[in-house]
Amino acid sequence: MAATLHEILLAPDTKPQVLADCNALIDQELSSMSGISGTAVKLAYKTIVTFAPGHIHYMVEKLLPKMVESLEPYWADFSTSGGSAFGDYLSKRSDEVSASLLAVTDARAEASNRPTVIKAYRAVRGGAARHVTAALPSLGDMVQRYA
């Protein structure tokens, strides 16, 4: 039986590197953003980093298990379909995958007690699906490196 994403990505020996790769992916995606919405995302990120140092890294660690859970059905289907690139697989289902991943961040934002973080999240949430979709090929490639 194929390993689950949980077994692959959240194993004690692997999880620290996955977290580092997730943070690097965030930085990579931020640096590639441009235009008005890119500027808004960069400003929200800077606001969070300024007013809540370490919060982004903390949230990546807290959200990772739920994100892995959201990706699990896609990984299972990809694994049985014989596809070669998980990033391509995710991109072909971008609307569905983005909605699934954003449901995790939406739930966390709703539960937050940090007004600055909530305000920054709400400021960029409208265009978030577009940004998540743009990151799916890199996210899939990152996941597949561990498989």
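Residue under question is PHE86, and the condition is that it be closer than 17 Å to LEU25 by Cβ, of a type in the set (Phe, Trp, Tyr) and buried (at least 16 other Cβ atoms within 10 Å of the Cβ); does it hold?
Numbers: closer than 17 Å to LEU25 by Cβ: yes; of a type in the set (Phe, Trp, Tyr): yes; buried (at least 16 other Cβ atoms within 10 Å of the Cβ): yes.
For PHE86, the condition - closer than 17 Å to LEU25 by Cβ, of a type in the set (Phe, Trp, Tyr) and buried (at least 16 other Cβ atoms within 10 Å of the Cβ) - is met.
Residues of the stretch 66-83 that are of a type outside the set (Asp, Glu) and surrounded by 14 or more Cβ atoms within 10 Å (Cβ to Cβ): LYS66, MET67, VAL68, SER70, LEU71, TYR74, TRP75, PHE78, SER79, GLY83. Within the bounds of the stretch 130-144, is there any residue that is part of a loop (DSSP other than H, G, I, E, B) and either touching a residue at least 40 places away in the same chain (Cβ under 8 Å) or not hydroxyl-bearing (Ser, Thr, Tyr) (or both)? Among the residues of the stretch 130-144, not one is part of a loop (DSSP other than H, G, I, E, B) and either touching a residue at least 40 places away in the same chain (Cβ under 8 Å) or not hydroxyl-bearing (Ser, Thr, Tyr) (or both), which makes the answer no. Do we find a residue being of a type outside the set (Lys, Arg), surrounded by 15 or more Cβ atoms within 10 Å (Cβ to Cβ) and outside any helix (DSSP H, G or I) anywhere in the stretch 22-39? Yes, that holds for at least one residue. A Cβ distance below 6 Å, combined with a sequence gap of six or more or placement on separate chains, defines the contacts here; from the stretch 88-117, residues that are touching a residue at least 24 places away in the same chain (Cβ under 8 Å) and closer than 12 Å to SER70 by Cβ reach residues that are in a helix (DSSP H, G or I) and among the polar types (S, T, N, Q) in the pairs SER98/THR133; SER100/SER70; LEU101/SER70; VAL104/SER70.
In this structure, does TYR58 turn out to be aromatic (Phe, Trp, Tyr) and either surrounded by 14 or more Cβ atoms within 10 Å (Cβ to Cβ) or at pLDDT 95 or above (or both)?
On the way: aromatic (Phe, Trp, Tyr): yes; either surrounded by 14 or more Cβ atoms within 10 Å (Cβ to Cβ) or at pLDDT 95 or above (or both): no.
Taking the combined requirement at face value, the residue does not satisfy it.
Residues in the stretch 119-142 that are over 19 Å from LYS66 (Cα atoms) and among the aliphatic types (A, V, I, L, M): ALA120, ALA123, VAL124, ALA134.
Conditions first: (1) farther than 22 Å from THR14 by Cβ; (2) loosely packed, with under 15 Cβ neighbours inside 10 Å. LYS42 passes all but one, so which condition is the exception? Status for LYS42: all satisfied but (2). When PRO53 is tested against (1) in a loop (DSSP other than H, G, I, E, B); (2) touching a Ser or Thr at 6+ places or on another chain (Cβ under 9 Å), just one condition goes unmet, and that condition is (2).
With respect to THR116, determine if the residue is of a type in the set (S, T, N, Q), under 26 Å from LEU9 (Cα atoms) and at pLDDT below 95. Show your work before the answer.
Details: of a type in the set (S, T, N, Q): yes; under 26 Å from LEU9 (Cα atoms): no; at pLDDT below 95: yes.
Judged against the criteria, THR116 is not a match.
The values are calculated or read from the model by the stated rules, or taken from the named source; none is laboratory data. Predicted model, so just to flag it, every value in this text is computed and none were measured. So basically every Cβ, Gly included, is an ideal-geometry build from the backbone, and we count neighbours across all protein chains shown.
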